Every structure is written in C-alpha cells, then in structure tokens.
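Data first, discussion second: the structure below is written as structure tokens.
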Amino acid sequence: MVVDEKVTVGMVNNIPKYVQWHGRVHNVTQIGLHHLYREGRTLYHVFSVVADTLFMKLKFDTDSLSWRLEETESS
Amino acid sequence: MQNSLKFNPESSKIMHIDLNSCFATIEQQANPSLRGKPIAVAAFVSPGGCILAASVEAKRLGIKTGMRVRDGREIYKGLIVLPPDPWKYRNVHLKLRNLIADYTNDFVPKSIDEFVLNMTDYLSLKEPPLKVVAQEIKGRIKAEIGDWLTVSIGIAPNRYLAKIAAGLRKPDGLDEINWENFQGIYSKLKLTDLTGIKERNAARLNSVGIYSVSDFYEAPLWKLKAAFHSINSLYWQMRLGGWEVDDVEFGRRSYGNSVALGRNLSTVAEISPILARLTEKTCSRLRAAGYTAGGIHLGLAYKGGGWWHEGRLIGRALFDARDVYKAAFRLLLSSPTGEGKGGNVLNVAVSCFGLSRQHSMQLEIFSDIPKKRNLTEAQDNINGRWGDFTVASAQSFGGAKVVMDRIAFGGIKELEEFTLMH
C-alpha cells in the first residue's frame, strides 16, 4: 500500500531501530534491503524493513534530513 | 570424419555468475513476507502486463518471463505481482560488482544480473580451485548483500561454456564443464538448451544430420559450414570445444529508449507526447556521454504482432531533443499509424544512430547552434541538480506517466551510465 507520509525513525549505527507512525512506535526486527538513489543531486537512502508485523519502505532525504514512509503492508 | 579440434585441455579460468530470478528475488530480499511465495515483477500489474521476472517459486509452477500477468494468474490465482523498482536492482548490481572486484578486475557485466569473470590473474596468485572461490563468492553474497539472494555459477575454459554451466542447475547451482566431463554433460543437453541455438538454428543443424549436442561437438567443420554457411561454423566448433571466441566487447553504436504502452494508442496526438518524452530521454543520455547523432530511427509495434520501423539520416549533428523530436515526428507521420490508417500501437522505440564526438560543430544558416548548445547545457545542468525532466519541452510532459524509469531487457549499455557518485 502506497502511503507517502512523514515519520520519525530512530537509528542505531546507521540502521533503523524503530519507526514512529501515527503516534505508535514500531520496532524494526529485520532489514530486508538498503539501497540508494539520486534525484538530481539529492541522495536518498531507502530501507525496506519489517517493523513489528508491518513491512515498511522508508526513505531518507539527505538534503532535508527527513524520513518518509513510502509503502507499508502487513506481513 | 570427426571434429579434428580437440577439447581445450587447459584448466577452467572463466566464471559466469547469474543472479537467480533477479528482479523477483531482490523484491523478496527487500520484503521478507514475500519469501517462499510465487511472485512476479511485471512491466504493468494490470492483466495485460508482461512478466519481467518470476520468483523461483513461481517458476516451479510454470510461470515464465514474457507471460502476461493474466496467464500467470491463470496458472496460480494467488500470484503476487509487483511493478519494477529499477534502483533496487541497480543497487544490487553495484554491490555485486564491488564484491566481484575483490577477486578480479577482468570482469564484464553481461546484463543487470550476469557477470563474466576471467580468473586467470587471480589463479596465478592464489591456490584454491575455482569451485572453492565460487563457494566463497556465494557465501559472501548472502552475508554482505542479501541472505535471500542466490546465484548460479558456471566454470569453464571459455565464456560460452561457463554460461552453459551456470544454466545447468538453477537456483543456486555450481557446475563446471571441462575436458574431463564435457561429454557426459553434452549427452544430457538438447540442441535448444544451448544459448544461441533456437528452433531455426536447430533446424539448420538437423538438415545436416546433427540432432544432439554430442553430434554438434563431434561434427567436422565442413558439416557445420553446410549448416551455417558462414564463419559461425568455426565459432560454434570452437565454443563447444572450450576455446575462446567470445572475448569481444562491442562498442555503442546508438542511444535509444522504448516504452511498452499500458494501453493501445492509435492516433498521432496520443503518441506524440510519448515520442517527445522518449526523445528527451535519449538526447539527455546522448549529450551526457558527449555524443551527437547523425540519424534517427523509429520503431512501432502493433497489437496483433505487426511491426513497423524506419530510420533516416538527417545530414547534420543532432543533440537537441527538439530537432530529434521533429525528425521522429516526421517518421511517425509516415508510419501506418493515425486516424483512418488503423494500427493500435503497443510499443514505441526511438533511437539515435551515427554517433560521433564532435568538439567543434558546423554552424548553420537557419539555426543558431551555439545558442542551442548553451540552452541544452543549461537544461542538463538544471536536470542534473534537481532531477530528470525538471526542465523539458512542454510536449514531453504529456508522456510523463507512460515513459517511466525501466531497466533495458538484457542490455548492458545503460549500466555504463548509472552511478551514485556525483
């Protein structure tokens, strides 16, 4: 499911540990894939993770230093 | 009379690495809930979308690349279909490329999911047999790139047989073809199992009494010449004998972009924004590589299997998308497409050929070339900073939803272009 909403992500050693979305904290239990891409000069980090029972695709904008939840689905 | 060319007695030095079910496996790597399930990555998730990659589980059910989504769902109702996410696949390709570079710098990516490694230098420095190195590479891919990713590795004295060996067992295979075991392996293969031998070539071989891969290997050169009528006869004899003939890299001769349309389009008005988008994309890649083009080619594929294409030399150096679009549009008008002409278009392909690197260009009477140069340079700088198509012709924005970022099928030329470094 495409979401595209702002979220808060807690990182430890450059790895997402929890995601705060709609006031709820989801603990990241598995990192599926970490990949990068650029749009123009802006670099984005994308983490595909499992947080509690949800699959989440998180995007970090290295220009604005903000996180967005791009997709989610219950796993 | 038998083949006089003996099988290459040298030890194997070529390794072919093939990432199994590439796009689908990477999607399963990213989303663990998809693992172990039949999934497919398709150009479009709609029933008419073409399946680009099926997961190992889907392949076991008989779902194959090239099928329509609706056909895949007929085989298995619960098939999960995903749209492609090119940057995921490009990143895995780059990670594989970095890992392979730890073993040799003499490697060539043959496509987004295939690499050919020449391990001659590595083996002269290190002791372990190539199979041990292959096992190590497999282990490192799982540990460093993704635990769900599997590769099939083929080892042989030449590139061709290494590819055949990589295809012997999928997924997660590791096989070698060498002078000791080639006869046993050839006896189990059909002619059409060989890369490059499909029905038509098989029929040619059948016509001279060659019905199996063993027959093919043992055939004398005159017989192969009777089948192929060309130098290919010698190349085939050498390939199957483990001698190298495929150590060739072909330079780029054109730049092109194509799109599979999600729905059938039949009017020039519907197709022209897509054409504009494709020419913008092609020209931006052309300029980024420092080329100009001398000609333009347009190809259209129609519903029902028909195909029309035409190329035209323009007679001057092209680099501005507006000029390329004009030439492509003229070709479109001459095609059997449009009101009253019939023909529902399914695919549009544009390419520029006659590439040259020109640092100084012929000035024109009716066109201000330096001004065009400055404009395209400014456009490229803005798009380089803010992203593709930030500035583009108004016409091309109409094609934005149709022409998306995609990975060329089997192509490796685009791999030169993408990098994450700026």
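Miscellaneous remarks
- Residue A:71 vs. criteria under 13 Å from the mean Cα position of the chain (by Cα) and either more than 14 Å from every other protein chain (Cβ to nearest Cβ) or loosely packed, with under 15 Cβ neighbours inside 10 Å (or both): no
- The range A:45-60 - residue that is within 10 Å of another protein chain (Cβ to nearest Cβ) and of a type in the set (A, V, I, L, M, F, W, C) and, of those, surrounded by the fewest Cβ atoms within 10 Å (Cβ to Cβ): A:54
- Number of the exception - residue B:97 against (1) within 23 Å of residue A:72 (Cα to Cα); (2) under 19 Å from the mean Cα position of the chain (by Cα); (3) not small (Gly, Ala, Ser): (1)
- Single match in B:313, B:333 (criterion: surrounded by fewer than 13 Cβ atoms within 10 Å (Cβ to Cβ) and within 18 Å of residue B:278 (Cα to Cα)): B:333
- The residues of the range B:18-31 that are within 12 Å of chain A (Cβ to nearest Cβ) and either of a type in the set (A, V, I, L, M) or under 16 Å from residue B:79 (Cα atoms) (or both), listed by number, are B:25, B:26, B:27, B:28, B:30, B:31.
- Within the range B:365-377, being touching a strand residue (DSSP E or B) at 6+ places or on another chain (Cβ under 9 Å) and either closer than 25 Å to residue B:271 by Cβ or modelled with pLDDT under 85 (or both) holds for one residue alone: B:367.
- Residue match in the range B:36-50 (condition: buried (at least 16 other Cβ atoms within 10 Å of the Cβ), closer than 20 Å to residue B:403 by Cβ, within 14 Å of another protein chain (Cβ to nearest Cβ) and in contact (Cβ under 8 Å) with a residue 60 or more places away in the chain): no
- All of (1) touching a residue at least 60 places away in the same chain (Cβ under 8 Å); (2) within 30 Å of residue B:380 (Cβ to Cβ) hold for residue A:43 with one exception: (1).
- Selection status of residue A:63, closer than 21 Å to residue B:88 by Cα, of a type outside the set (Lys, Arg), more than 9 Å from chain B (Cβ to nearest Cβ) and not in a strand (DSSP E or B): yes
- In the range B:36-134, counting only strands (runs of 3 or more DSSP E) that sit wholly within it, the ones holding 2 or more residues that are of a type in the set (Val, Ile, Thr) and in contact with a helix residue (DSSP H, G or I) (Cβ under 7 Å, 6 or more places away or on another chain) span B:39-42, B:80-82.
- Output for the range B:126-159, where each listed residue is under 24 Å from the mean Cα position of the chain (by Cα) and among the basic types (Lys, Arg): B:138, B:159
- Within the range B:240-256, residues that are closer than 18 Å to residue B:109 by Cα have Cβ atoms under 9 Å from residues that are polar (S, T, N, Q) and assigned to a loop (DSSP other than H, G, I, E, B) in these pairs: B:244/B:8; B:244/B:158; B:245/B:158; B:246/B:158; B:247/B:158, counting only partners at least 6 apart in sequence or on another chain.
- Considering residues of the range B:62-78 that are in contact with a Leu (Cβ under 8 Å, 6 or more places away or on another chain) and of a type outside the set (Val, Ile, Thr) only, the residue farthest from residue B:403 (Cα to Cα): B:76
- Among residues of the range B:199-213 being part of a loop (DSSP other than H, G, I, E, B) and not hydrophobic (A, V, I, L, M, F, W, C), the one that is farthest from residue B:187 (Cα to Cα) is B:209.
- In the range B:369-390, the residues that are more than 14 Å from chain A (Cβ to nearest Cβ) and assigned to a helix (DSSP H, G or I) form no Cβ pair under 8 Å with any partner that is surrounded by 14 or more Cβ atoms within 10 Å (Cβ to Cβ) and of a type in the set (S, T, N, Q), whether six or more places apart or across chains.
- Breaking point among (1) within 10 Å of the chain's Cα centre (by Cα); (2) within 25 Å of residue B:142 (Cβ to Cβ), for residue A:60: (2)
- Residue within the range B:224-239 that is aromatic (Phe, Trp, Tyr), touching a residue at least 12 places away in the same chain (Cβ under 8 Å) and assigned to a loop (DSSP other than H, G, I, E, B) present: no
- Breaking point among (1) of a type outside the set (Asp, Glu); (2) farther than 23 Å from residue B:148 by Cβ; (3) away from every other protein chain (no Cβ under 11 Å), for residue A:42: (3)
- Evaluation of residue B:380 against the conditions (1) modelled with pLDDT under 85; (2) under 28 Å from the mean Cα position of the chain (by Cα); (3) among the charged types (D, E, K, R) shows that the sole unmet condition is (1).
- Residues being touching a strand residue (DSSP E or B) at 6+ places or on another chain (Cβ under 9 Å) and free of Cβ contacts under 8 Å to residues at least 40 places away in the same chain are represented in the range B:183-199 by at least one member.
The values are calculated or read from the model by the stated rules, or taken from the named source; none is laboratory data. Quantities reported herein were computed from a predicted structural model and do not represent experimental measurements. Using ideal geometry, Cβ is built from the backbone for each residue, glycine included, and neighbour counts are taken over all protein chains shown.
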